[in-house]
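Report on one structure; see the data block that follows.
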Amino acid sequence: MKKFINTPEHLVDELLEGLALAFPNKIKAASPGIIARQQSKPANKVRLITLGGSGHEPGLSGFVGEGMLDYSVVGGIFAAPGAPKCVEAIRNACAGGSSALMIVLNHAGDVLSANIAMEIAQHEHLDIKAVTTHDDISGGSDPMDRRGLVGFLPVYKVAGAAAERGHSLDECMAVAVRMEKNTRTLSVATRTATHPSTGAPIFDLGEDEMEIGMGQHGEAGTGRMRLQSADRTAEVMLNMLLDHLTVAKGEELLVIVNGAGATTLMELLIVFRRVAQILESKGIRLARSAVGEFITTQEQAGFQMMIARMDQQLIDLWDAPANTPYFVQA
Amino acid sequence: MFAEAAQAIRDQHATLSALDSFAGDGDHGTTMLRVADQLERAINPASSLHLMKIFENTGWNVMGVDGGASSAILGTFFRGMGSAEGGNEVDCHGLAAIFQAGLKAISKQTKATCGDKTMMDALIPAVAAIDSAAGSQKDIGYALEMAAFAACEGAESTKSLTAKYGRAKHLGEKTIGHMDAGAYSISLLFAGFSAALNERNK
């Protein structure tokens, strides 16, 4: 393994320390494993909390800040944080009678910790609701079998904007749910990542192969095939996504192409170009787009392609200002 | 009892990580080492807490190692054990009630059961063995020995199963042939529990 690290035991602490030091005007380490905004919101506004493992930077803590998250609860490398930290973040968020919305990416450990924490929060009569994201279409027909991939980003964005505007918890929840229900993602991997603690590769893939449907931690997907061109890969993936979301001519989409860690921006842009061409040929409107790294898996090569059906309110919330370490919009 | 369980985990942590690497990301052994730390902390002799409180605190601390689903499930189990009615002196019936309470707490959080290639494949038969020993008026040492045996058989049985939960689920039939790392962890914990009681009685 060739990585610039110190000791495996201190990876998470050191990366969070670096994040907080790099963006001192935006975020702070509220306590070990909890990243919070430097300036908290007024008490009458809904606070947004998320949770997830480390090693996926800039996800998820990189989106704490104005217009998006209020708290990010951070777990070990590729491992969900436990319920105790989630409870601590919820108590902080709800202190003084504030309401909070917890956004949970659908992965076994995250869901378990979130559910346990939610039970405790409800027992303490805290005003909190939770929404689970499951945008990966490779998981099968049951939505609860589908993993949460980069589709968390528009959910953070629109719910965060709604909260910033002073919308109620129910309104923020409704916006988050609508965004989530209209989002679909598919991933493709061409090369494995190494686990930064153990140094071991997390899956094997032949030099000339790619796998569509690969999860965020190298969980196997559905289709392993010979490596295809950018255009061909974009066509296959986009058509699967459009089918799954049953997108009709004239509808408006948000498209995100998210790099897995080792795939260059050059490649991501070439893929995105083909996506835009296909949408145009089908008469589907590309309302908004983002191309870059929002959630990664170390040096895994590949990308996630995400589409989301937008309406006027969702576009308006997507366009609202945000000022977080890794998502800034004036 | 916790000390022996922690030792059993420590002895096998490399195997646990190796098993995890077939279906997960290969860090289960590391997570379980941190769980073992918490089990050892629980039996700090300076602690004069009520037994149930010790279980509850241990559960909370195990969840706090932030090790994904494994530590969440194990923490829920210990925390659930602490919710049982019981005093500091426990007979075999009391022990069965404590373990049942742990299992019940987990079943509130997950639908996973025997046959899904998870920790439950070892845990459910182990708790059933304690119940059955209590039903036939056996002592705690015997009950835990049977539980360790049942957990071990349960973990073995996961070799032929297809994973239905967690990350391994997405590998489907590729998981056949390898024991589930979580189930093996459970069998180690019960082996430790059994060794603690049975060596003390010898």
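Points worth noting:
- Just one of the listed residues (B:Gly115, B:Gly64, B:Gly87) is small (Gly, Ala, Ser) and either under 24 Å from B:Asp37 (Cα atoms) or without any contact (Cβ under 8 Å) to a residue 12 or more places away in the chain (or both), and it is B:Gly64.
- Residue in the stretch A:221-231 that is within 20 Å of the chain's Cα centre (by Cα) and buried (at least 17 other Cβ atoms within 10 Å of the Cβ) present: yes
- Odd one out for A:Phe23, checked against (1) within 20 Å of A:Leu317 (Cα to Cα); (2) in contact (Cβ under 8 Å) with a residue 60 or more places away in the chain; (3) out of contact with any Leu (no Cβ under 9 Å at 6 or more places or on another chain): (1)
- Among the candidates A:Thr198, A:Thr190, residue that is under 26 Å from B:Asp27 (Cβ atoms), buried (at least 19 other Cβ atoms within 10 Å of the Cβ) and touching a Pro at 6+ places or on another chain (Cβ under 8 Å): A:Thr198
- Residues in the stretch A:65-85 that are surrounded by fewer than 24 Cβ atoms within 10 Å (Cβ to Cβ) and on the phi > 0 side of the Ramachandran plot: A:Gly67 alone.
- Candidate set from the stretch A:238-267 (those that are farther than 25 Å from A:Pro143 by Cβ and among the hydroxyl-bearing types (Ser, Thr, Tyr)); member that is surrounded by the fewest Cβ atoms within 10 Å (Cβ to Cβ): A:Thr264
Yes/no per residue for (1) closer than 18 Å to B:Phe193 by Cα; (2) more than 14 Å from every other protein chain (Cβ to nearest Cβ):
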{"residue": "B:Val65", "(1), (2)": "no, no"}
{"residue": "B:Phe77", "(1), (2)": "yes, no"}
{"residue": "B:Met81", "(1), (2)": "yes, yes"}
{"residue": "B:Glu89", "(1), (2)": "yes, yes"}
{"residue": "B:Phe99", "(1), (2)": "yes, yes"}
{"residue": "B:Leu103", "(1), (2)": "yes, yes"}
{"residue": "B:Ser132", "(1), (2)": "yes, yes"}
{"residue": "B:Gln137", "(1), (2)": "no, yes"}
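- Counting the residues of the stretch A:21-34 that are in contact with a helix residue (DSSP H, G or I) (Cβ under 9 Å, 6 or more places away or on another chain) and either at pLDDT 95 or above or of a type in the set (A, V, I, L, M) (or both) gives 7.
- For A:Ala117, the stated conditions hold: it is part of a helix (DSSP H, G or I), over 20 Å from A:Glu252 (Cα atoms), at pLDDT 95 or above and of a type in the set (A, V, I, L, M, F, W, C).
- Of the criteria (1) touching a Lys or Arg at 6+ places or on another chain (Cβ under 9 Å); (2) assigned by TED's automatic domain parsing to the domain that holds A:Gln300; (3) not aliphatic (A, V, I, L, M), which one A:Asp145 fails: (2)
- Number of positions in the stretch A:76-108 that are within 12 Å of chain B (Cβ to nearest Cβ) and in contact (Cβ under 8 Å) with a residue 60 or more places away in the chain: 4
- Residue match in the stretch A:134-145 (condition: assigned to a strand (DSSP E or B), within 14 Å of chain B (Cβ to nearest Cβ) and closer than 27 Å to A:Val291 by Cα): yes
- Among residues of the stretch B:139-181, those that are within 14 Å of chain A (Cβ to nearest Cβ) and either among the charged types (D, E, K, R) or in contact with an Asp or Glu (Cβ under 8 Å, 6 or more places away or on another chain) (or both), counted: 13
- Test: residue in the stretch A:230-252 that is in contact (Cβ under 8 Å) with a residue 60 or more places away in the chain and under 19 Å from A:Pro58 (Cα atoms): no
- Subset of the stretch B:10-23 that is surrounded by fewer than 23 Cβ atoms within 10 Å (Cβ to Cβ) and not polar (S, T, N, Q) - its residue that is nearest to B:Thr175 (Cα to Cα): B:Phe22
The values are calculated or read from the model by the stated rules, or taken from the named source; none is laboratory data. Computed from a predicted model, the values in this text were never measured in an experiment. Cβ: placed from backbone, ideal geometry, glycine included. Neighbour counts: every protein chain shown.
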